[in-house]
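Step one of this worksheet: look at the structure below.
The values are calculated or read from the model by the stated rules, or taken from the named source; none is laboratory data. Treat the numbers as computed from the prediction; the structure is a model and nothing was measured. Here Cβ is always computed from backbone atoms with ideal geometry, including for glycine, and neighbour counts include all displayed protein chains. Calculation scope for accessible area: heavy atoms of the full protein, side chains included, ligands and nucleic acids excluded. Shrake-Rupley method; radii C 1.70, N 1.55, O 1.52, S 1.80 Å.
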Amino acid sequence: MNNASRVFSRRVLSAIAVLTPVVASVPAVAQKTTYDFGERFYPNNIVISRSVYDNNPSNVVVGVTQLPPNCQLTTVGCPTPAVAQYNGTYPTVFNNDVNDSSFGITSKIFLDQFSLAGSRLNSIEVPNSDEQLNGKDDQLVTSFSSKSELALNLSTSGKYLSFMGYVAPANSVDVSNSNTPLVVDPTNPVGINHYRGVALVDQSGQFKFTETNAYSGNNGRAAIYNDDVDAFYTAGNAGNGNNPQPNGVILGAGAQFVPEVNTPEKNQNPGTPEPLASFSVTELGDKADKVGKDTNFRGLTVFNNVVYLTKGSGSNGVNTVYFVDTTGKACPNGVGLPVAGAPLPAGPLSYDANTVQSGLPNNMCILAGFPTALAKSLPAVEPAGTNSYPFGVWFANKDTLYVADEGDGYNGTVASADMYKHAAAQLSAGLQKWVFNSTTNTWQFAYVIQKGLNLGVPYTVAGYPTGNNAVTGLPWAPATDGLRNITGVVGPDGLAAIWGVTSTVSGNGDQGADPNKVVVVVDRVASTTLPAGTSFTEFDTARFGEVLRGVSFTPGSDKSRVELPF
(Lines give C-alpha, C1' and ligand atoms only; values in the text may rest on other atoms or scores of the structure.)
Protein backbone atom coordinates (compact mmCIF):
# COMPACT_ATOMS: atom_id res chain seq x y z
CA MET A 1 0.00 0.00 0.00
CA ASN A 2 1.40 3.45 -0.89
CA ASN A 3 2.05 6.10 1.81
CA ALA A 4 -1.10 8.09 1.02
CA SER A 5 -3.18 4.93 1.23
CA ARG A 6 -1.63 3.98 4.57
CA VAL A 7 -2.45 7.40 6.00
CA PHE A 8 -5.98 7.24 4.62
CA SER A 9 -6.54 3.74 6.00
CA ARG A 10 -5.46 4.82 9.48
CA ARG A 11 -7.88 7.72 9.26
CA VAL A 12 -10.68 5.41 8.12
CA LEU A 13 -10.07 3.20 11.14
CA SER A 14 -10.45 6.17 13.48
CA ALA A 15 -13.24 7.85 11.51
CA ILE A 16 -16.07 6.43 13.57
CA ALA A 17 -14.98 8.44 16.64
CA VAL A 18 -15.40 11.65 14.67
CA LEU A 19 -18.36 10.83 12.48
CA THR A 20 -20.97 9.36 14.77
CA PRO A 21 -20.93 10.19 18.48
CA VAL A 22 -23.37 7.35 19.23
CA VAL A 23 -20.69 4.88 18.19
CA ALA A 24 -17.68 6.76 19.47
CA SER A 25 -17.30 4.72 22.63
CA VAL A 26 -17.40 1.39 20.81
CA PRO A 27 -14.01 -0.34 20.68
CA ALA A 28 -12.74 -1.99 17.52
CA VAL A 29 -13.91 -5.61 17.47
CA ALA A 30 -14.24 -8.57 15.13
CA GLN A 31 -16.65 -7.93 12.30
CA LYS A 32 -19.23 -10.47 13.39
CA THR A 33 -19.69 -8.96 16.86
CA THR A 34 -23.04 -7.15 16.91
CA TYR A 35 -23.89 -4.31 19.29
CA ASP A 36 -27.41 -3.48 20.42
CA PHE A 37 -28.10 -0.14 18.75
CA GLY A 38 -31.75 -0.98 18.18
CA GLU A 39 -33.41 -1.44 14.82
CA ARG A 40 -32.39 1.91 13.39
CA PHE A 41 -29.65 3.42 11.28
CA TYR A 42 -27.10 6.03 12.32
CA PRO A 43 -25.62 8.54 9.86
CA ASN A 44 -22.28 8.02 8.17
CA ASN A 45 -22.13 4.26 8.56
CA ILE A 46 -22.12 1.47 5.98
CA VAL A 47 -25.10 -0.85 5.43
CA ILE A 48 -24.82 -4.22 3.68
CA SER A 49 -27.75 -6.33 2.47
CA ARG A 50 -27.46 -9.98 3.44
CA SER A 51 -29.68 -13.00 2.90
CA VAL A 52 -29.72 -16.19 4.93
CA TYR A 53 -30.91 -19.55 3.60
CA ASP A 54 -33.22 -21.38 6.01
CA ASN A 55 -31.40 -24.70 5.38
CA ASN A 56 -34.42 -26.86 6.12
CA PRO A 57 -34.22 -30.20 4.26
CA SER A 58 -38.01 -30.32 4.00
CA ASN A 59 -38.13 -27.05 2.02
CA VAL A 60 -37.57 -29.20 -1.05
CA VAL A 61 -38.49 -32.89 -1.04
CA VAL A 62 -36.75 -35.31 -3.41
CA GLY A 63 -39.20 -36.89 -5.85
CA VAL A 64 -42.09 -34.76 -4.57
CA THR A 65 -41.42 -31.03 -5.00
CA GLN A 66 -42.44 -30.11 -8.54
CA LEU A 67 -39.83 -28.25 -10.59
CA PRO A 68 -40.72 -25.83 -12.00
CA PRO A 69 -43.88 -25.38 -9.90
CA ASN A 70 -47.16 -25.67 -11.82
CA CYS A 71 -45.26 -26.39 -15.03
CA GLN A 72 -48.27 -28.43 -16.22
CA LEU A 73 -50.26 -25.18 -16.41
CA THR A 74 -47.89 -23.63 -18.94
CA THR A 75 -47.82 -24.14 -22.68
CA VAL A 76 -44.29 -25.58 -22.55
CA GLY A 77 -45.23 -28.33 -20.11
CA CYS A 78 -42.97 -30.09 -17.64
CA PRO A 79 -39.41 -31.32 -18.08
CA THR A 80 -38.25 -34.85 -17.32
CA PRO A 81 -37.83 -35.31 -14.44
CA ALA A 82 -40.26 -32.68 -13.16
CA VAL A 83 -39.46 -33.22 -9.50
CA ALA A 84 -36.60 -32.24 -7.22
CA GLN A 85 -33.48 -34.40 -7.31
CA TYR A 86 -32.01 -32.88 -4.14
CA ASN A 87 -33.64 -31.93 -0.87
CA GLY A 88 -33.49 -28.53 0.80
CA THR A 89 -30.10 -29.03 2.45
CA TYR A 90 -27.60 -26.25 1.70
CA PRO A 91 -25.66 -26.03 -0.57
CA THR A 92 -26.53 -29.24 -2.49
CA VAL A 93 -30.12 -27.99 -2.85
CA PHE A 94 -28.88 -25.72 -5.64
CA ASN A 95 -27.87 -28.72 -7.73
CA ASN A 96 -31.56 -28.73 -8.67
CA ASP A 97 -30.61 -25.88 -10.97
CA VAL A 98 -29.10 -28.46 -13.34
CA ASN A 99 -32.60 -29.77 -14.21
CA ASP A 100 -34.56 -26.60 -13.49
CA SER A 101 -32.76 -23.54 -14.83
CA SER A 102 -35.27 -21.33 -13.00
CA PHE A 103 -34.52 -22.90 -9.63
CA GLY A 104 -34.29 -20.67 -6.60
CA ILE A 105 -35.65 -20.44 -3.07
CA THR A 106 -36.82 -17.27 -1.38
CA SER A 107 -35.03 -16.22 1.79
CA LYS A 108 -35.10 -13.51 4.42
CA ILE A 109 -33.32 -10.18 4.00
CA PHE A 110 -31.15 -8.54 6.64
CA LEU A 111 -29.61 -5.07 6.61
CA ASP A 112 -26.33 -5.07 8.56
CA GLN A 113 -24.96 -1.74 9.79
CA PHE A 114 -21.19 -1.29 10.12
CA SER A 115 -18.96 1.52 11.26
CA LEU A 116 -16.44 2.69 8.66
CA ALA A 117 -13.84 0.83 10.70
CA GLY A 118 -15.65 -2.46 10.10
CA SER A 119 -17.40 -2.97 13.46
CA ARG A 120 -20.82 -4.51 13.06
CA LEU A 121 -23.30 -2.36 14.97
CA ASN A 122 -26.65 -4.05 14.43
CA SER A 123 -28.72 -6.08 12.02
CA ILE A 124 -32.26 -5.21 10.93
CA GLU A 125 -34.48 -7.99 9.61
CA VAL A 126 -36.72 -6.92 6.74
CA PRO A 127 -40.37 -7.78 7.50
CA ASN A 128 -41.21 -11.12 5.94
CA SER A 129 -44.25 -12.61 7.69
CA ASP A 130 -47.63 -11.71 9.15
CA GLU A 131 -46.53 -12.72 12.63
CA GLN A 132 -43.47 -10.49 12.58
CA LEU A 133 -45.59 -7.49 11.65
CA ASN A 134 -48.28 -8.02 14.32
CA GLY A 135 -51.04 -8.84 11.93
CA LYS A 136 -50.01 -6.73 8.95
CA ASP A 137 -49.48 -8.64 5.74
CA ASP A 138 -46.56 -6.60 4.36
CA GLN A 139 -43.58 -8.77 3.48
CA LEU A 140 -40.57 -8.86 1.22
CA VAL A 141 -38.03 -11.58 0.52
CA THR A 142 -35.25 -12.20 -1.96
CA SER A 143 -34.23 -15.23 -4.01
CA PHE A 144 -31.24 -16.67 -2.21
CA SER A 145 -29.24 -17.69 -5.25
CA SER A 146 -30.13 -14.71 -7.48
CA LYS A 147 -26.80 -12.93 -7.43
CA SER A 148 -27.94 -9.75 -9.20
CA GLU A 149 -30.50 -8.74 -6.54
CA LEU A 150 -30.63 -6.58 -3.41
CA ALA A 151 -28.63 -3.54 -4.50
CA LEU A 152 -28.92 -0.76 -1.92
CA ASN A 153 -29.32 2.89 -2.91
CA LEU A 154 -29.97 6.10 -1.04
CA SER A 155 -32.83 8.29 -2.23
CA THR A 156 -32.16 11.54 -4.07
CA SER A 157 -32.46 13.38 -0.73
CA GLY A 158 -30.34 10.82 1.10
CA LYS A 159 -33.08 10.33 3.71
CA TYR A 160 -34.17 6.86 2.62
CA LEU A 161 -32.70 3.55 1.53
CA SER A 162 -34.36 1.44 -1.14
CA PHE A 163 -34.05 -2.04 -2.66
CA MET A 164 -36.16 -4.66 -4.45
CA GLY A 165 -37.49 -8.12 -3.67
CA TYR A 166 -40.52 -10.38 -4.00
CA VAL A 167 -43.91 -10.32 -2.32
CA ALA A 168 -43.87 -13.96 -1.28
CA PRO A 169 -43.29 -16.17 1.77
CA ALA A 170 -39.78 -17.32 2.60
CA ASN A 171 -38.83 -20.84 1.41
CA SER A 172 -40.90 -20.59 -1.78
CA VAL A 173 -39.54 -22.24 -4.94
CA ASP A 174 -38.79 -20.51 -8.26
CA VAL A 175 -40.34 -17.15 -7.33
CA SER A 176 -37.49 -15.28 -9.05
CA ASN A 177 -38.68 -16.51 -12.45
CA SER A 178 -42.40 -16.44 -11.73
CA ASN A 179 -44.82 -14.26 -13.64
CA THR A 180 -46.34 -11.22 -12.00
CA PRO A 181 -50.12 -11.46 -11.45
CA LEU A 182 -51.09 -8.98 -14.16
CA VAL A 183 -48.42 -10.03 -16.67
CA VAL A 184 -48.69 -13.76 -17.26
CA ASP A 185 -46.61 -15.32 -20.01
CA PRO A 186 -48.01 -18.80 -20.75
CA THR A 187 -44.66 -19.85 -22.26
CA ASN A 188 -42.86 -19.23 -18.98
CA PRO A 189 -42.17 -22.73 -17.57
CA VAL A 190 -42.72 -21.43 -14.02
CA GLY A 191 -46.47 -21.54 -13.50
CA ILE A 192 -46.83 -19.32 -10.43
CA ASN A 193 -47.43 -15.57 -10.01
CA HIS A 194 -45.89 -13.14 -7.52
CA TYR A 195 -45.61 -9.36 -7.38
CA ARG A 196 -42.21 -7.76 -7.21
CA GLY A 197 -41.81 -5.22 -4.44
CA VAL A 198 -39.80 -2.07 -3.78
CA ALA A 199 -38.78 -1.38 -0.19
CA LEU A 200 -38.27 2.06 1.33
CA VAL A 201 -36.73 2.33 4.79
CA ASP A 202 -35.91 5.45 6.80
CA GLN A 203 -33.32 6.21 9.45
CA SER A 204 -35.57 4.90 12.24
CA GLY A 205 -35.85 1.51 10.55
CA GLN A 206 -39.46 1.94 9.40
CA PHE A 207 -40.29 0.04 6.20
CA LYS A 208 -42.82 0.70 3.46
CA PHE A 209 -43.36 -1.55 0.44
CA THR A 210 -44.69 -0.79 -3.03
CA GLU A 211 -45.84 -3.68 -5.21
CA THR A 212 -45.35 -3.77 -8.98
CA ASN A 213 -46.17 -6.00 -11.95
CA ALA A 214 -42.83 -5.14 -13.54
CA TYR A 215 -40.11 -7.73 -14.16
CA SER A 216 -42.49 -10.59 -14.87
CA GLY A 217 -40.49 -13.76 -15.46
CA ASN A 218 -37.34 -12.30 -13.97
CA ASN A 219 -36.07 -9.98 -11.26
CA GLY A 220 -35.91 -6.40 -10.12
CA ARG A 221 -32.37 -5.60 -9.01
CA ALA A 222 -32.05 -2.03 -7.83
CA ALA A 223 -34.21 0.97 -6.91
CA ILE A 224 -33.65 4.65 -6.18
CA TYR A 225 -36.40 6.77 -4.65
CA ASN A 226 -36.85 10.28 -6.06
CA ASP A 227 -38.29 12.20 -3.13
CA ASP A 228 -39.44 15.07 -5.35
CA VAL A 229 -41.76 12.98 -7.49
CA ASP A 230 -42.64 10.24 -4.95
CA ALA A 231 -41.54 7.48 -7.26
CA PHE A 232 -38.79 4.92 -7.71
CA TYR A 233 -36.42 4.47 -10.61
CA THR A 234 -35.70 0.75 -10.84
CA ALA A 235 -33.45 -1.58 -12.80
CA GLY A 236 -33.92 -5.23 -13.68
CA ASN A 237 -34.82 -7.79 -16.31
CA ALA A 238 -38.03 -9.37 -17.53
CA GLY A 239 -39.12 -12.44 -19.42
CA ASN A 240 -38.61 -16.17 -19.00
CA GLY A 241 -40.54 -17.41 -22.00
CA ASN A 242 -40.57 -17.59 -25.74
CA ASN A 243 -40.45 -14.87 -28.39
CA PRO A 244 -42.56 -12.84 -29.06
CA GLN A 245 -43.11 -11.81 -25.47
CA PRO A 246 -46.43 -10.44 -24.20
CA ASN A 247 -46.73 -6.65 -24.17
CA GLY A 248 -46.63 -6.60 -20.38
CA VAL A 249 -43.25 -8.32 -20.30
CA ILE A 250 -41.78 -5.78 -22.70
CA LEU A 251 -43.31 -2.88 -20.77
CA GLY A 252 -42.02 -4.29 -17.48
CA ALA A 253 -38.40 -4.80 -18.52
CA GLY A 254 -35.26 -2.78 -17.90
CA ALA A 255 -35.65 0.66 -16.35
CA GLN A 256 -39.00 1.25 -14.63
CA PHE A 257 -40.88 4.18 -13.10
CA VAL A 258 -42.72 2.92 -10.01
CA PRO A 259 -44.86 5.47 -8.12
CA GLU A 260 -44.65 4.96 -4.37
CA VAL A 261 -47.82 3.60 -2.78
CA ASN A 262 -48.32 4.74 0.80
CA THR A 263 -50.67 1.98 1.93
CA PRO A 264 -50.30 -1.60 3.27
CA GLU A 265 -49.64 -4.24 0.66
CA LYS A 266 -53.02 -5.89 1.24
CA ASN A 267 -54.67 -2.70 -0.06
CA GLN A 268 -52.47 -2.31 -3.12
CA ASN A 269 -53.60 -3.19 -6.63
CA PRO A 270 -50.66 -2.65 -9.04
CA GLY A 271 -51.47 -1.87 -12.64
CA THR A 272 -49.60 -2.19 -15.90
CA PRO A 273 -45.83 -1.66 -15.60
CA GLU A 274 -44.61 1.83 -16.50
CA PRO A 275 -41.25 1.94 -18.30
CA LEU A 276 -38.87 4.73 -17.36
CA ALA A 277 -36.65 4.44 -20.39
CA SER A 278 -35.68 2.18 -23.25
CA PHE A 279 -32.72 1.47 -25.51
CA SER A 280 -32.42 -0.55 -28.72
CA VAL A 281 -29.28 -1.55 -30.57
CA THR A 282 -30.99 -0.20 -33.69
CA GLU A 283 -29.91 3.24 -32.40
CA LEU A 284 -26.36 2.13 -33.18
CA GLY A 285 -27.28 0.89 -36.65
CA ASP A 286 -27.35 -2.76 -35.57
CA LYS A 287 -30.06 -5.28 -36.35
CA ALA A 288 -32.85 -5.45 -33.76
CA ASP A 289 -32.53 -7.99 -30.94
CA LYS A 290 -35.28 -9.68 -28.95
CA VAL A 291 -37.49 -6.81 -27.85
CA GLY A 292 -36.98 -5.94 -24.19
CA LYS A 293 -33.70 -7.82 -23.77
CA ASP A 294 -31.43 -4.92 -24.77
CA THR A 295 -32.40 -3.44 -21.39
CA ASN A 296 -31.33 -6.30 -19.12
CA PHE A 297 -30.05 -3.80 -16.56
CA ARG A 298 -28.07 -4.47 -13.37
CA GLY A 299 -26.44 -1.36 -11.94
CA LEU A 300 -28.25 1.90 -11.16
CA THR A 301 -27.21 5.29 -9.83
CA VAL A 302 -28.21 8.96 -9.96
CA PHE A 303 -25.51 11.62 -10.29
CA ASN A 304 -25.94 15.32 -11.10
CA ASN A 305 -29.63 14.79 -11.89
CA VAL A 306 -28.97 12.01 -14.39
CA VAL A 307 -30.06 8.37 -14.12
CA TYR A 308 -27.31 5.90 -15.09
CA LEU A 309 -27.72 2.16 -15.64
CA THR A 310 -25.49 -0.72 -16.65
CA LYS A 311 -25.98 -3.90 -18.62
CA GLY A 312 -23.51 -6.73 -18.13
CA SER A 313 -25.18 -10.04 -18.92
CA GLY A 314 -27.16 -11.84 -21.58
CA SER A 315 -26.43 -12.36 -25.25
CA ASN A 316 -28.58 -9.44 -26.42
CA GLY A 317 -27.73 -5.77 -26.47
CA VAL A 318 -24.50 -4.05 -25.44
CA ASN A 319 -22.76 -4.61 -22.11
CA THR A 320 -21.91 -1.05 -21.15
CA VAL A 321 -22.91 2.09 -19.20
CA TYR A 322 -26.06 4.00 -20.17
CA PHE A 323 -27.88 7.16 -19.13
CA VAL A 324 -31.46 8.37 -19.48
CA ASP A 325 -31.84 11.39 -21.75
CA THR A 326 -34.77 13.58 -20.69
CA THR A 327 -34.09 16.18 -23.41
CA GLY A 328 -34.17 14.07 -26.57
CA LYS A 329 -31.02 15.86 -27.72
CA ALA A 330 -28.11 14.02 -26.10
CA CYS A 331 -27.51 11.17 -28.53
CA PRO A 332 -29.12 11.06 -31.97
CA ASN A 333 -27.02 7.99 -32.81
CA GLY A 334 -27.27 6.16 -29.49
CA VAL A 335 -24.05 7.49 -27.94
CA GLY A 336 -23.52 10.79 -26.17
CA LEU A 337 -23.24 12.78 -22.96
CA PRO A 338 -25.94 14.14 -20.63
CA VAL A 339 -27.17 17.63 -21.46
CA ALA A 340 -26.16 20.13 -18.78
CA GLY A 341 -29.08 21.15 -16.62
CA ALA A 342 -31.37 18.37 -17.81
CA PRO A 343 -33.95 17.39 -15.20
CA LEU A 344 -34.46 13.96 -13.67
CA PRO A 345 -37.39 12.01 -15.12
CA ALA A 346 -40.64 13.12 -13.51
CA GLY A 347 -42.83 10.43 -15.05
CA PRO A 348 -42.82 7.26 -17.14
CA LEU A 349 -41.93 6.97 -20.81
CA SER A 350 -44.70 7.79 -23.26
CA TYR A 351 -45.38 5.06 -25.83
CA ASP A 352 -47.93 3.83 -28.35
CA ALA A 353 -49.69 0.74 -27.00
CA ASN A 354 -50.23 -0.46 -30.57
CA THR A 355 -46.52 -0.68 -31.38
CA VAL A 356 -45.09 -2.26 -28.23
CA GLN A 357 -44.11 -5.45 -30.08
CA SER A 358 -41.88 -3.36 -32.31
CA GLY A 359 -40.15 -1.79 -29.34
CA LEU A 360 -40.54 1.24 -27.12
CA PRO A 361 -39.39 4.78 -27.96
CA ASN A 362 -35.65 5.14 -27.31
CA ASN A 363 -34.65 7.72 -24.73
CA MET A 364 -31.37 6.24 -23.52
CA CYS A 365 -27.78 6.62 -24.62
CA ILE A 366 -24.49 4.79 -24.19
CA LEU A 367 -22.13 7.06 -22.28
CA ALA A 368 -19.57 8.36 -24.79
CA GLY A 369 -16.31 6.41 -24.62
CA PHE A 370 -17.83 3.24 -23.22
CA PRO A 371 -18.15 0.05 -25.31
CA THR A 372 -20.68 -0.10 -28.12
CA ALA A 373 -19.99 -3.62 -29.44
CA LEU A 374 -22.83 -6.14 -29.32
CA ALA A 375 -22.52 -8.63 -26.46
CA LYS A 376 -22.81 -11.57 -28.85
CA SER A 377 -19.83 -10.28 -30.85
CA LEU A 378 -17.41 -10.08 -27.92
CA PRO A 379 -14.45 -12.49 -27.76
CA ALA A 380 -14.22 -14.99 -24.91
CA VAL A 381 -11.50 -12.98 -23.13
CA GLU A 382 -11.78 -9.21 -23.09
CA PRO A 383 -8.81 -6.83 -23.03
CA ALA A 384 -8.66 -4.42 -20.10
CA GLY A 385 -11.02 -1.45 -20.34
CA THR A 386 -13.61 -2.97 -22.63
CA ASN A 387 -16.00 -3.10 -19.67
CA SER A 388 -17.67 -6.28 -20.79
CA TYR A 389 -19.44 -7.18 -17.52
CA PRO A 390 -20.30 -3.89 -15.77
CA PHE A 391 -22.43 -3.91 -12.65
CA GLY A 392 -22.32 -1.17 -9.98
CA VAL A 393 -21.21 2.39 -10.79
CA TRP A 394 -20.10 5.22 -8.51
CA PHE A 395 -19.07 8.76 -9.42
CA ALA A 396 -16.23 10.20 -7.32
CA ASN A 397 -16.81 13.51 -9.14
CA LYS A 398 -18.03 14.69 -12.52
CA ASP A 399 -14.80 13.55 -14.19
CA THR A 400 -14.14 10.27 -12.37
CA LEU A 401 -16.31 7.18 -12.59
CA TYR A 402 -15.67 3.82 -10.93
CA VAL A 403 -17.30 0.79 -12.55
CA ALA A 404 -17.52 -2.65 -10.95
CA ASP A 405 -16.89 -5.50 -13.39
CA GLU A 406 -18.23 -8.79 -12.02
CA GLY A 407 -16.22 -11.06 -14.32
CA ASP A 408 -17.61 -13.48 -16.85
CA GLY A 409 -18.74 -16.19 -14.41
CA TYR A 410 -17.00 -18.89 -16.41
CA ASN A 411 -16.76 -22.05 -14.31
CA GLY A 412 -14.63 -24.04 -16.71
CA THR A 413 -15.09 -27.63 -17.74
CA VAL A 414 -14.35 -30.90 -16.01
CA ALA A 415 -11.88 -31.80 -18.73
CA SER A 416 -9.88 -28.58 -18.59
CA ALA A 417 -10.15 -27.91 -14.82
CA ASP A 418 -9.47 -24.26 -15.64
CA MET A 419 -12.13 -22.47 -13.55
CA TYR A 420 -9.74 -20.77 -11.15
CA LYS A 421 -7.09 -20.15 -13.79
CA HIS A 422 -9.58 -18.41 -16.05
CA ALA A 423 -10.87 -16.16 -13.27
CA ALA A 424 -7.33 -15.16 -12.31
CA ALA A 425 -6.42 -14.30 -15.91
CA GLN A 426 -9.25 -11.80 -16.45
CA LEU A 427 -8.02 -8.34 -17.35
CA SER A 428 -11.18 -6.27 -16.81
CA ALA A 429 -12.75 -7.87 -13.74
CA GLY A 430 -12.59 -5.85 -10.54
CA LEU A 431 -12.89 -2.09 -10.04
CA GLN A 432 -12.41 -0.11 -13.23
CA LYS A 433 -11.61 3.58 -13.19
CA TRP A 434 -12.75 5.84 -16.01
CA VAL A 435 -11.85 9.52 -16.42
CA PHE A 436 -13.49 12.17 -18.57
CA ASN A 437 -11.43 13.74 -21.35
CA SER A 438 -12.78 17.27 -21.84
CA THR A 439 -10.82 17.66 -25.08
CA THR A 440 -12.44 14.70 -26.84
CA ASN A 441 -15.65 14.82 -24.77
CA THR A 442 -15.42 11.12 -24.06
CA TRP A 443 -14.80 8.88 -21.08
CA GLN A 444 -11.51 6.98 -21.13
CA PHE A 445 -10.47 3.83 -19.32
CA ALA A 446 -7.65 4.55 -16.86
CA TYR A 447 -6.97 1.29 -15.01
CA VAL A 448 -8.54 -1.59 -13.13
CA ILE A 449 -7.87 -2.38 -9.48
CA GLN A 450 -7.57 -6.11 -8.84
CA LYS A 451 -4.91 -6.56 -6.17
CA GLY A 452 -6.33 -7.93 -2.95
CA LEU A 453 -9.39 -9.40 -4.68
CA ASN A 454 -7.43 -12.62 -5.21
CA LEU A 455 -9.25 -13.41 -8.43
CA GLY A 456 -9.41 -17.14 -9.03
CA VAL A 457 -7.92 -18.06 -5.65
CA PRO A 458 -10.23 -20.58 -3.90
CA TYR A 459 -11.11 -19.82 -0.29
CA THR A 460 -12.50 -21.89 2.55
CA VAL A 461 -16.03 -21.53 3.93
CA ALA A 462 -16.56 -23.26 7.27
CA GLY A 463 -19.13 -26.03 6.82
CA TYR A 464 -18.97 -25.98 3.01
CA PRO A 465 -18.37 -29.29 1.20
CA THR A 466 -14.81 -30.05 0.17
CA GLY A 467 -13.55 -31.67 -3.00
CA ASN A 468 -15.68 -31.67 -6.13
CA ASN A 469 -19.44 -31.38 -6.54
CA ALA A 470 -20.54 -34.77 -7.85
CA VAL A 471 -23.13 -33.15 -10.11
CA THR A 472 -20.95 -30.56 -11.83
CA GLY A 473 -17.63 -32.36 -11.41
CA LEU A 474 -16.06 -29.06 -10.36
CA PRO A 475 -14.63 -27.87 -7.01
CA TRP A 476 -17.04 -26.65 -4.36
CA ALA A 477 -14.63 -24.02 -3.07
CA PRO A 478 -15.60 -20.55 -4.33
CA ALA A 479 -13.17 -17.98 -5.69
CA THR A 480 -13.69 -14.28 -6.34
CA ASP A 481 -14.50 -13.48 -9.97
CA GLY A 482 -15.01 -9.69 -9.78
CA LEU A 483 -17.22 -7.05 -8.15
CA ARG A 484 -20.90 -6.21 -8.28
CA ASN A 485 -22.48 -3.40 -6.27
CA ILE A 486 -20.26 -0.56 -4.99
CA THR A 487 -20.38 2.70 -3.05
CA GLY A 488 -17.74 5.19 -1.99
CA VAL A 489 -16.75 8.52 -0.50
CA VAL A 490 -14.07 11.10 -1.31
CA GLY A 491 -12.01 12.84 1.36
CA PRO A 492 -10.76 16.45 1.11
CA ASP A 493 -7.23 15.18 0.44
CA GLY A 494 -8.37 13.62 -2.83
CA LEU A 495 -8.42 10.02 -1.61
CA ALA A 496 -11.49 7.86 -2.13
CA ALA A 497 -12.63 4.77 -0.25
CA ILE A 498 -14.73 2.37 -2.33
CA TRP A 499 -16.61 -0.60 -0.90
CA GLY A 500 -17.60 -3.45 -3.22
CA VAL A 501 -19.49 -6.76 -3.10
CA THR A 502 -17.65 -9.67 -4.69
CA SER A 503 -18.92 -12.14 -7.27
CA THR A 504 -17.83 -15.78 -7.28
CA VAL A 505 -17.11 -18.81 -9.42
CA SER A 506 -17.35 -22.36 -8.13
CA GLY A 507 -18.61 -25.83 -8.91
CA ASN A 508 -21.82 -25.09 -7.01
CA GLY A 509 -24.96 -25.86 -8.99
CA ASP A 510 -25.66 -22.10 -8.78
CA GLN A 511 -22.71 -19.79 -8.13
CA GLY A 512 -25.07 -17.18 -6.74
CA ALA A 513 -25.42 -19.34 -3.64
CA ASP A 514 -21.73 -19.08 -2.70
CA PRO A 515 -20.84 -17.12 0.44
CA ASN A 516 -19.06 -14.00 -0.80
CA LYS A 517 -17.41 -10.87 0.63
CA VAL A 518 -17.49 -7.10 0.89
CA VAL A 519 -14.11 -5.47 0.29
CA VAL A 520 -12.79 -1.92 0.50
CA VAL A 521 -10.00 -0.12 -1.36
CA VAL A 522 -8.42 3.34 -1.19
CA ASP A 523 -7.55 5.14 -4.43
CA ARG A 524 -6.29 8.62 -5.26
CA VAL A 525 -9.03 10.21 -7.36
CA ALA A 526 -6.66 12.31 -9.48
CA SER A 527 -4.52 9.32 -10.51
CA THR A 528 -4.75 8.19 -14.12
CA THR A 529 -2.26 5.35 -13.69
CA LEU A 530 -2.61 2.71 -11.01
CA PRO A 531 -0.75 3.80 -7.86
CA ALA A 532 1.68 1.16 -6.63
CA GLY A 533 0.39 -0.85 -3.71
CA THR A 534 -3.30 -0.05 -4.19
CA SER A 535 -5.06 -3.11 -2.81
CA PHE A 536 -8.42 -4.30 -1.53
CA THR A 537 -8.92 -5.52 2.03
CA GLU A 538 -11.80 -7.58 3.39
CA PHE A 539 -14.53 -5.62 5.18
CA ASP A 540 -17.18 -8.31 5.74
CA THR A 541 -17.45 -12.01 4.89
CA ALA A 542 -20.56 -14.13 4.44
CA ARG A 543 -20.72 -17.32 6.44
CA PHE A 544 -22.16 -20.73 5.56
CA GLY A 545 -25.70 -20.27 4.22
CA GLU A 546 -25.28 -16.51 3.75
CA VAL A 547 -24.79 -14.21 0.77
CA LEU A 548 -24.00 -10.50 0.61
CA ARG A 549 -25.61 -8.42 -2.11
CA GLY A 550 -25.66 -4.61 -1.75
CA VAL A 551 -23.66 -1.88 -0.03
CA SER A 552 -24.52 1.75 0.70
CA PHE A 553 -24.13 4.53 3.21
CA THR A 554 -26.90 4.65 5.81
CA PRO A 555 -29.97 6.89 5.46
CA GLY A 556 -29.32 10.40 6.73
CA SER A 557 -25.59 10.25 6.03
CA ASP A 558 -23.86 13.56 5.47
CA LYS A 559 -20.99 13.09 3.03
CA SER A 560 -19.42 16.37 4.11
CA ARG A 561 -19.00 14.91 7.60
CA VAL A 562 -17.75 11.61 6.24
CA GLU A 563 -15.01 13.50 4.42
CA LEU A 564 -13.76 15.45 7.42
CA PRO A 565 -11.42 12.83 8.96
CA PHE A 566 -9.87 11.77 5.65
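What to note about this one:
- Rounded to the nearest 500, the 222 nm mean residue ellipticity of the chain from helices alone is -1500 deg cm²/dmol, with -39,500 (n - 2.57) taken per DSSP H run of at least 4 residues.
- Rounded to the nearest 20 debye, the dipole magnitude of the range 422-566 is 160 debye, with +1 charges on Lys and Arg beta carbons, -1 on Asp and Glu beta carbons, and the Cα centre as origin.
- Pair Ser315, Lys421: separation of 7 Å Cα→Cβ label points (nm): 2.7
- Stretched out straight at 0.36 nm per residue, the stretch from Asp352 to Asn333 would grow longer than its current Cα-Cα span by 4.7 nm.
- Distance between the 7 Å Cα→Cβ label points at Thr529 and Ser204: 5.5 nm.
- Modelled FRET efficiency - R0 22 Å, Ala462 with Val62, Cβ distances, 0.05 increments: 0.25
- Computed from backbone phi, the HN-Hα couplings of the range 169-185 come to x, 5, 6, 8, 9, 6, 5, 5, 10, 6, 6, 8, x, 8, 10, 9, 9 Hz, rounded to whole numbers (Karplus: 6.51 cos²θ - 1.76 cosθ + 1.60, θ = phi - 60°; Gly and Pro given as x).
- ³J(HN,Hα), Karplus 6.51/-1.76/1.60, whole Hz, each residue of the range 144-161, x for Gly, Pro: 3, 8, 7, 5, 8, 9, 6, 4, 10, 9, 6, 6, 4, 8, x, 7, 10, 10
- The Cβ shell under 13 Å around Phe103 holds other residues with a net charge of -4, Lys and Arg each +1, Asp and Glu each -1.
- For Val339, net neighbour charge (Lys/Arg +1, Asp/Glu -1) across residues whose Cβ lies under 11 Å away: 0
- Estimated distance in nm for a label pair at Thr282 and Thr89, the labels positioned 7 Å out from Cα along Cα-to-Cβ: 5.3
- Take the Cβ atoms of Lys290 and Ser129, set R0 to 60 Å, and the FRET efficiency comes out at 0.95.
- Neighbourhood net charge (13 Å Cβ-Cβ; Lys/Arg +1, Asp/Glu -1) for Asp289: +2
- Per-residue 3J(HN,Hα) values for the range 426-435, derived from phi via the Karplus relation 6.51 cos²θ - 1.76 cosθ + 1.60 with θ = phi - 60°, read 5, 9, 10, 5, x, 10, 8, 10, 10, 10 Hz in sequence order (x marks Gly and Pro).
- List Ser115, Ser557, ordered by accessible area with a 1.4 Å probe, largest first: Ser557, Ser115
- Along its three principal directions, the equivalent ellipsoid of the range 109-200 from the Cα gyration tensor extends over semi-axes of 27, 16, 13 Å, largest first.
- Relative contact order of the range 434-538, pairs being alpha-carbon contacts under 8 Å that are 6 or more residues apart, as %: 25
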